[in-house]
Structures are given as structure tokens and as C-alpha cells.
Amino acid sequence: MSNYTVESFTVENNTNNDGVNLRTRLFKPESGSEGKDENFGIVLVHPYSILGGSQGLLKGIASALASHGYVAVTFDMRGVGSSTGRSSITGFAEIKDVVAVCNWVCNHLSLNRILLVGSSAGAPIAGSAVDQIEQIIGYVSIGYPFGITASILFGRHHKAILQSPKPKLFIMGTEDGFTSVNQLKKKLKSAAGRVETHLIDGVGHFQMEGLGYDAHMVDLIIKFIASL
């Protein structure tokens, strides 16, 4: 029997009169979960919408975080699943979706500390939102696509996360097809604030997104939370 519940909501993104409705899931620990900060939550941003990314890919991580006593929130960005609107190629419109969900988490769940987690193309999108919400206290990237080809689409997102003073953790497989270990290290040399990397030996980009690595991701996220 699980020790958490899942509730579905629709979050309205009215930024710039966007009028986009975002299908959102709240993974909530049972009340009385020991010793966890009740004012803290984790918002997870899914991989590239155009390649079939959706919040369903983050269900394993979110449910495991909830079973460890953390409030976790996933959502479908615009144009995905039941969310309205149209996906963008570069992920700039989707930054507003991340901001809208984080604001909803603060206002409706009364949480004042958020960890933002982005997976694959969700990492640059989340990274661009980090300094737009005061309550975000840290950032975790799972397979940030820093490589040259991926940068054609997502290069304009890099500056926001690299310049943010907030603590950040970059998790990547050493066989990531989008970003080499050298490319990651080179990019992070210029990063502000506290920067940590965790490399998973011999693992590729999509392999790390798979269910087989969810428990490993959760473990790394929880350790990072403890350091904040």
C-alpha cells in the first residue's frame, strides 16, 4: 500500500494573457510523514514536448519522492496531453508554464521553498525559470543538453542557469549522446554559485531517463535537498 496520494489539478497560466491550462499532478505524502519540511516542495519539468515528453515520464521519480515524505508536482507543458496551447520548438513559451506552476504551488499549497528539477530538454526550460521565482532555492538537472547540436534549440537558455547564484546539481551519463563530459565541464566552469556534478558511468541520455534509473535519481535529489 502506498504512503502517498495523487491528485489532479488544472493550473491556469494567464501570463501575458496566455490563457493556457496546464494539467498538473500533486504527489502528496500521507500526513505525519516524519521530519520533512512541510513548507518545501519539488516541481519536476518533463523532457522535450515535441519528442513525446510528458509528465508521465516523471511519475516514477515523483511517486518515490512522495513516498520519502516530499511533496512533488508534475505537469504537462502547453500542447501536451490535456494541457491546452501549442508547444514551442525552443522551449521559451514553456518557461511561463514552469513559472505558473511554481506560483500555484506557493499560493495553493502554501509552500515557500521549491526545488526545481528538469529532465532532458526540461532542464534548460527549468533553468530559465529558476531566478523568476524567489521561492526556488535550488535546481537539479537530469541530462541537460549542452552539446553543440542541442544548443541550436536550447542555447539561449544556458545563460540564465549559469548566471544564477542558486545551488545547482547537474546529473549526466558519461555516454550522453547530446553532451560530452568535456562539454559539460567546460560550460560549468563559468557557472555562478554552488555547482555540483554527478556523472553516471557508461549510461546514455535516454537510458538515464528510463524507469531503471528513477531510484538513483531520487537518491541523488534527496541528498542534494539535505545539503540546501
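Odds and ends about this structure:
- DSSP H segments from the chain that extend 18 Å or more along their own axis, Cα-based, with Kyte-Doolittle mean of -0.5 or above: 93-108, 214-227
- Positive-end residue, the stretch 1-99 charge dipole about Cα centroid, Cβ charges, pick of Q55, S31, G85: G85
- Label-point gap, in nm, between K159 and N14 - each point 7 angstrom along Cα→Cβ: 3.1 nm
- Sparsely packed GluC sites (Glu not before Pro) within the stretch 80-177, loop by DSSP, other Cβ within 10 Å at most 13: E134
- Where the Cα pairs of the chain fall when distances are cut into 5 Å bins, in %: 1, 7, 16, 21, 22, 17, 10, 4, 1, 0
- By DSSP, the beta bridges lying fully in the chain are antiparallel in about 35 percent of cases.
- Among D201, D76, D219, the order of accessible area from largest down is D201, D219, D76, computed with a 1.4 Å probe on protein heavy atoms.
- Longest DSSP-loop-exposure-free segment, trypsin sites (Lys or Arg not before Pro), the chain, at most 15 other Cβ within 10 Å: 87-193
- Pair T149, E175: separation of 7 Å Cα→Cβ label points (nm): 1.7 nm
- Secondary-structure-derived ellipticity at 222 nm for the chain, considering helices only, amounts to -9500 deg cm²/dmol, per-run term -39500 (n - 2.57) for DSSP H runs with n ≥ 4.
- Structure remark: mean-square fluctuation, Gaussian network model of the chain, C-alpha springs under 10 Å; the largest value among V45, V218, V140 belongs to V218.
- Each of L211, S190, G143 was placed along the dipole of the chain (beta-carbon charges, centred on the mean Cα), and the one lying farthest toward the positive end is S190.
- Potential lengthening between D37 and H216 on full extension [0.36 nm per residue; Cα-Cα distance subtracted]: 62.2 nm
- Residues in the stretch 33-72 that a label on N112 would reach, taking backbone N under 19 Å of a point 7 Å out along Cα→Cβ: 36-43, 71
- Taken about its Cα centre, the chain carries a charge dipole of roughly 640 debye when the Cβ of each Lys and Arg holds +1 and the Cβ of each Asp and Glu holds -1.
The values are calculated or read from the model by the stated rules, or taken from the named source; none is laboratory data. Quantities reported herein were computed from a predicted structural model and do not represent experimental measurements. Glycine gets a Cβ as well: all are built from the backbone with ideal geometry, and neighbour counts include every protein chain shown. Heads up: the accessible areas ignore ligands, DNA and RNA and are worked out on the full protein's heavy atoms, side chains in. Shrake-Rupley method; radii C 1.70, N 1.55, O 1.52, S 1.80 Å.
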